[in-house]
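Shown next, in structure tokens, is the structure this report addresses.
The values are calculated or read from the model by the stated rules, or taken from the named source; none is laboratory data. Just so it is clear, the model here is predicted, and its values are computed rather than measured. Here the Cβ is made from the backbone with ideal geometry for all residues, glycine too, and neighbour counts use every protein chain on show. We work out accessible area using only protein heavy atoms, side chains counted, and drop any ligands, DNA or RNA first. Shrake-Rupley method; radii C 1.70, N 1.55, O 1.52, S 1.80 Å.
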Amino acid sequence: MPNHVIILAAGRGARMRCARPKVLHRLAGLPLIEHVVRAADRLQPERIGLVVGHQADRVQAALSHRTSLAFARQDEQRGTGHALRQAEPLFDGLGGTLVVLSGDVPLIRPETLEQLVRAHEGAGAAITVLTATVPRPYGYGRIVRADGRLADIVEERDASALQRRLKEINSGIYALDLPPLFDAIREIPPAGASNEIYLPDLVRIYRRRQLPVETVEVADPDEVRGINSQTELAEVKRIVRQTRNEELMAAGVTIEDPATTYVDMDVVVGPDTVIHPGVFLQGRTSVGARCELHAGVRIVDSTLGDDVVVRNHCVLQGAALANGSRVGPFAHLRPGAAVGEAAKVGNFVEIKKSSLGRGSKANHLAYLGDATIGDGVNIGAGTITCNYDGKRKHATTVGDRVFIGSGTQLVAPLTLGDDAYVGAGSCVTDDIPAGALAVARSRQVIKGGWNGRRDDEPDGGSSDS
Ligand code: UD1
Ligand code: CA
């Protein structure tokens, strides 16, 4: 049977109490909606549709990399049933099973959806509701059964005191047969104070029409946690964090403190790598084998080879660290920073759009911007590339085995040949040929007896003036 997926994501998420559309809140580096689309994708459906409404343009823009999605608009948010109705044109004339997902239920596993579709089709049901039994059902629609069979779904605000005690909840995920669906949705009457059209009311309509209604209970209720508030978002983040960390540990990564280790969805970490507390690995970061990431490190969209050490409190963004390189503590590697094999970057060093060759060192207090630095180079403490003239950025090129003395300013554009040598404290404004020494500083002046002369001055030495 062909199957199709529709994701409801038009709601405002008023209970989040913030301006960002709910489905664009981030969870392990991805918007909530991206998690749901990924689960849908894994079913390999013929068509994936999305109902968008509140800040629709923003939501669509966040998914612009997915060119095969079909969008429907719900201009007024009049409930989940009304939302699904807007998707009718997307499935016009199609048969088979339609899986309905919620944009705010991001932990659903594709295996569970497969199981839902199998059970639905196996039973020949018109609707199969994915349910869960949870200790705290507050806020969810409750599954009301009669003689063990699904009789009704009652929303929290419409439930009697007795129904509120029911612990089996509606996940908001359903498998539905296409042909009777859109016809039946039109029969759902507006409900509640806000006159919304509740999708779960379809159960009542199908029962009236004597169409078979079924349920499948999910084994792990965490999978169907819905996110309506900031607190629920934080709880789901904690679950994802734990899951990600368990996956990494199962693959041979040592995590000193999983409770404070934050690894985004698409991050890869090699075996025998040790992650200390308070580490954030974000975006498209990949870390090789046998690395050591010390406490308080944040690494975003960066690539680390094998045997790399990142010491405490470094920030790396868009950087590449080759095998055996060492960085930190307190280093800042910005986009385009490339640290060569076995190279060393020390404390309070900032690197932007610059490469440091194999075995080169910038151990203390340096700024390297728009620079290409060769192999075996020593960058002295306090060296800076003066790469910006107030209007444009300029490049600095440093050959192999160059020695740059401490406190040097390299005024770009500039080229230093192989084996060049720069005296400490130089302000280098002209290219240096290979093998040459450049000293670019004013000579020291000695004025003998200076301190004694100062004491002879009329108010010299008085400290109370
Ligand atoms: C819904 C279910 C509830 C279930 C719970 C599971 C209804 C009436 N209730 O409640 O039984 O236990 O999910 O998480 O369906 N949406 C739209 N347009 C709208 C309203 C909502 O697209 O007009 C979308 C939202 O963006 C969201 C999803 O539908 O992704 C669910 O809406 P939400 O308001 O969060 O429903 P719940 O109150 O959580
Ligand atoms: Ca919800």
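A compact table of results
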{"read-out": "Cα-based reach from LYS22 at 24 Å (exclusive), listing lysines while leaving out same-chain residues under 8 positions away", "value": "LYS237"}
{"read-out": "Degrees, to the nearest 10: 32-42 long Cα axis against longest axis of the chain", "value": "70 degrees"}
{"read-out": "Heavy-atom SASA rank of THR303, THR112 (probe 1.4 Å, accessible area, largest first)", "value": "THR303, THR112"}
{"read-out": "Computed label-point distance, nm, for sites ALA234 and ASP430 using a 7 Å Cα→Cβ extension", "value": "6.3 nm"}
{"read-out": "The chain - Rg and Dmax from Cα coordinates, angstrom", "value": "31.5, 112"}
{"read-out": "Between helix 230-250 and the chain: long-axis angle, C-alpha atoms, 0 to 90°, nearest 10", "value": "70 degrees"}
{"read-out": "Probe 1.4 Å, all protein chains present, accessible-area order of ASP264, ASP306, largest first", "value": "ASP306, ASP264"}
{"read-out": "Solvent-accessible heavy-atom area per residue, rounded to whole Å², over the chain at 1.4 Å", "value": "47 Å²"}
{"read-out": "ASP306/TRP450 FRET efficiency (R0 51 Å; Cβ-Cβ; nearest 0.05)", "value": "0.35"}
{"read-out": "With every protein chain in place, the chain: carbon and sulfur % of accessible area (1.4 Å)", "value": "48 percent"}
{"read-out": "Segment ARG73-CYS18, extension gain: residue separation times 0.36 nm, minus the distance between their alpha carbons", "value": "17.6 nm"}
{"read-out": "Sequence-distant lysines (8 or more away, or on other chains) whose Cα lies within less than 29 Å of LYS361", "value": "LYS344, LYS352, LYS353, LYS393"}
{"read-out": "Distance from the stretch 26-68 to the stretch 157-218 (C-alpha centre basis), Å", "value": "24 Å"}
{"read-out": "C-alpha center-to-center spacing [the stretch 233-305, the stretch 373-390] in angstrom", "value": "32 Å"}
{"read-out": "Label-point separation, ALA151 to ALA259 (7 Å along Cα→Cβ), nm", "value": "4.5 nm"}
{"read-out": "C-alpha long axis of helix 110-123 to longest principal axis of the chain, angle in °", "value": "10 degrees"}
{"read-out": "The stretch 375-418: antiparallel DSSP beta bridges as a percent of all, rounded to 5", "value": "10 percent"}
{"read-out": "Sequence of ARG157, ARG85 from largest to smallest accessible area, 1.4 Å probe", "value": "ARG157, ARG85"}
{"read-out": "Protection-proxy order for peptides 370-377, 55-62, each taking the mean of Cβ atoms within 10 Å per residue, highest first", "value": "370-377, 55-62"}
{"read-out": "FRET E, pair ARG334, TYR138, Förster distance 51 Å, beta-carbon r, rounded to 0.05", "value": "0.65"}
{"read-out": "DSSP-loop GluC sites (Glu not before Pro) across the stretch 1-98, with at most 16 other Cβ within 10 angstrom", "value": "GLU46, GLU76"}
{"read-out": "Relative contact order of the chain, defined on C-alpha pairs under 8 angstrom at six or more residues apart (%)", "value": "8 percent"}
